[in-house]
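Enquirer: Quick one: the structure is below, questions incoming.
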Amino acid sequence: MASIELDKASLTFRVRPAGRITLKEFLIRQVRRSGTPLIKVRALQEVSLSFQEGQRVGIIGPNGAGKSTLLKLLAGIYPPTRGRRHVDGRISSLFDIALGFEGDASGWENISYRGYLQGETPRSMRDKIKPIAEFSELGEFLNMPVRYYSAGMMVRLAFSIATAIEPEILLVDEVLSVGDMAFQEKARKRMREMMAKAQLIVAVSHDLHSLTKLCDRGVWLDHGRVRLVGPMSEVISAYTDSVKSGQVQAA
Amino acid sequence: MSSYMAAVWHCRYFWWSLVKMDLRTRYRRSIIGLGWSLLHPIAMTTILCFVFSNLFNATVAEYGPYLLAGLVTWNYVSGVTIQGCQCFFQGEAYIRQHPAPLAVYPLRTALGGTIHFLIALVVVLALTWYFRGFANLPSLWCLVPAITLLFVLGWSLAVLAGFANVLFQDTQHLSEIGFQILFYATPIMYMSSLLEGRGMDWLVQYNPVVSLLQLIREPILYGRVPTVQTYGTAILIVFLVASAAAATLARLQRRLIFHL
């Protein structure tokens, strides 16, 4: 049974104004007792959500509302700084997928690395590596080190790998705009197939139109808090109403 | 602890394939590339042999293998630590995508270093065999526990260096300086007997690296099984460093992502 549960989960980033520090600076500050205070960013505040198998959840909200952070919290990348996260099921996440190729290794090799990271074995990869290569349509380029790939080629490869597995829980962060037009059409179709297979989906997008089609439940996030949970269409209309009235007020 | 190790083992295909890639890049898929990467210790040994065998009144047969065995072991320990500083940044993209146990990234560094160390050891053995032969061949079995200990040490050092460098960005710089100083305080270029009777015995007695060097040197150069005391000291050092690494992992494993 795939399920996700957040119980009053909060996530607070403590950000140093000047990025990473050196040991030298750290020691000087300790001696002088004059540290610059850390900036606290409350990315998520007391988020309680519960999703069961079979649900397709769309998360909406303005920029900086904490949508992507919530997805990463669900994926286990960020631990909650308060509260509890409980996830049952094998998670596959589609975000930051274009990052982290090994530049010196060929496309083929990178397919294996990513596959292994997602829990594949050499045996299970044997059947998957060819379909992945075919889907990416990169052909001869796969023999080439990835550092010579264009950005579009990397996204193609990343998308093909990430969507080759059959997850129980699928977390998606706006990856639908991948590659050129022909590939985008293919990618959309692949996404629909994948969503049909996954037992539980959580998707983040600004494309409200496609979310209405894809999802049955909606979550509206605002400033790290849950504003509304309910059927997707209701949440979207509440959200668009508020955005419109905000614009009216601003005008 | 054991469940953590099981999780590391679970993604073995991932880190092992990265180790293989690192080695391929390092050796550029060729024997010449392999020789190239061994150039540093061999060139150092040649030049130091030339200079110091006169200075120390030692023959090349005596001094050469001694020096190379020391250098190779030293390069492993310092190399794993200094490269370990980058291990989490190297794996940052993976860390941001997938919650794999963080120890796999220092493991990648340590395994690469260990394999390179093993290749270098073969050169040490060949050189020793050429110059003086092996006094007692079965004693070479002592290298197995020695290499195991060095591997655990290397993994732990890479964990510590990796975390330290994420928290403080001058870690690599500082450890390079530290290792440079320690290098001259350690009997690598000179025989430890040189310090005895000059009021500098303490330098060898309290140097943590000496017992590790002896684990490698004793069986190869003199055909001797290292003493219980040597083993005891080495095991204690490795245990302490490994405990520090485990404690750091337990404390910071979940928080690292906030500092990357």
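Bear in mind that the values in this text are calculations on the coordinates, not laboratory data. Keep in mind that what you see is a predicted model, and the values were worked out from it rather than measured. All Cβ positions, even for glycine, are placed from backbone atoms using ideal geometry, and neighbour counts span all protein chains on display.
Enquirer: Projected onto the charge dipole of chain A (+1 at Lys/Arg Cβ, -1 at Asp/Glu Cβ, origin at the Cα centre), which of A:Y149, A:H86, A:Q118 gives the Cα projection farthest towards the positive end?
Expert: Highest projection toward the positive end goes to A:H86.
Enquirer: Starting from the eigenvalues of the Cα gyration tensor, five times each then square-rooted, give me the equivalent ellipsoid semi-axes of chain B, largest first, whole Å.
Expert: Taking √(5λ) for each Cα gyration eigenvalue gives 33, 20, 18 Å.
Enquirer: Then there's this: Please list, in chain and number order, the residues 5+ apart from A:E46 or on another chain whose amide H is under 5 Å from its amide H, with Hs placed from the backbone.
Expert: Counting only residues 5 or more places away or on other chains, the set is A:S10, A:L11.
Enquirer: Hey, rough spin-label estimate for A:D222 and B:L125, points 7 angstrom out along Cα→Cβ, what's it come to in nanometres?
Expert: Modelled inter-label distance: 7.1 nm.
Enquirer: Moving on. Given an 8 Å cut-off on Cα distances and at least 6 residues of separation, report the relative contact order of the stretch A:96-166 as a percent.
Expert: About 48 percent, as a whole number.
Enquirer: Residue by residue through the stretch A:194-207, which ³J(HN,Hα) values in whole Hz follow from phi under the Karplus form 6.51 cos²θ - 1.76 cosθ + 1.60 (θ = phi - 60°), with glycine and proline marked x?
Expert: Per-residue couplings from phi come out as 5, 5, 5, 7, 5, 7, 8, 10, 10, 10, 10, 7, 9, 7 Hz.
Enquirer: Also: Among B:K20, A:K67, rank each residue by its count of other Cβ atoms within 10 Å, from fewest to most, as a rough exposure measure.
Expert: Ascending Cβ contact count within 10 Å gives the list B:K20, A:K67.
Enquirer: May I ask what percent, to the nearest 5, of DSSP beta bridges between residues of the protein assembly as shown are antiparallel?
Expert: Rounded to the nearest five, the antiparallel share is 55 percent.
Enquirer: Restricting things to alpha carbons, tell me how big the protein assembly as shown is in terms of Rg and Dmax, in Å.
Expert: Considering the protein assembly as shown through its Cα atoms, Rg and Dmax are 27.8, 92 Å.
Enquirer: Arrange the following residues from fewest to most other Cβ atoms within 10 Å of their Cβ: B:S78, B:S243, A:S160.
Expert: B:S243, B:S78, A:S160
Enquirer: Could you size up the charge dipole of the stretch A:96-166 around its Cα centre, putting +1 on the beta carbon of Lys and Arg and -1 on that of Asp and Glu, and report it in debye to the nearest 20?
Expert: Computed about the Cα centre, the dipole is about 80 debye.
Enquirer: Anything in chain B that counts as a DSSP H helix reaching 27 Å or more along its axis (C-alpha) with Kyte-Doolittle mean of at least 0.5? List them, would you?
Expert: B:60-84, B:104-131, B:143-167, B:228-252
Enquirer: Would you mind pulling out the separation of the Cα centroids of the stretch B:130-208 and the stretch A:36-102, in Å?
Expert: That distance is 44 Å.
Enquirer: Which residues does the label zone of A:L38 cover in the stretch A:65-82, counting backbone N under 15 Å from a point 7 Å along Cα→Cβ?
Expert: Residues A:79-82 fall inside that zone.
Enquirer: Continuing with the same structure: Which value in deg cm²/dmol, rounded to the nearest 500, describes the helix-derived mean residue ellipticity at 222 nm for chain B, given -39,500 (n - 2.57) per DSSP H run of n ≥ 4 and division by the residue count?
Expert: -24000 deg cm²/dmol
Enquirer: Among the lysines, select those whose C-alpha is under 24 Å from the C-alpha of A:K244, and discard any that sit fewer than 8 residues away in the same chain.
Expert: Those lysines meeting the cut-off are A:K67, A:K213.
Enquirer: I need B:I216, A:I39 ordered by Cβ neighbour count within 10 Å, fewest first.
Expert: So the residues, fewest neighbours to most, are A:I39, B:I216.
Enquirer: If you don't mind, another one. Just subtract the alpha-carbon distance of A:T121 and A:S233 from 0.36 nm times their residue separation and send over the number in nm, one decimal. Provide the component values of the computation, followed by the final result.
Expert: Details: separation 112, 0.36 × 112 = 40.32 nm, distance 4.10 nm.
Here the answer is 36.2 nm.
Enquirer: Also: Rg to Rh for chain A: what is it, with Cα atoms only and Rh by Kirkwood?
Expert: Ratio of gyration radius to Kirkwood radius for chain A: 1.03.
Enquirer: Using a Förster radius of 41 Å, what is the FRET efficiency between B:L240 and B:A93 based on their Cβ-Cβ separation? Nearest 0.05, please.
Expert: Details: r = 33 Å, r/R0 = 0.80.
Given R0 = 41 Å and the Cβ-Cβ separation, E is 0.80.
Enquirer: Follow-up question, since we're still on this one. Compute the relative contact order of chain A as a whole-number percentage, counting only Cα pairs closer than 8 Å that sit 6 or more residues apart in sequence. Walk me through the intermediate numbers first.
Expert: Numbers: 423 pairs, mean separation 67.3, N = 251.
Value for chain A: 27 percent.
Enquirer: Same structure again: Compute the distance in nm between two label points, each set 7 Å from the Cα along the Cα-to-Cβ direction, one at B:V228 and one at B:Y206.
Expert: Label at B:V228, label at B:Y206, 2.6 nm between them.
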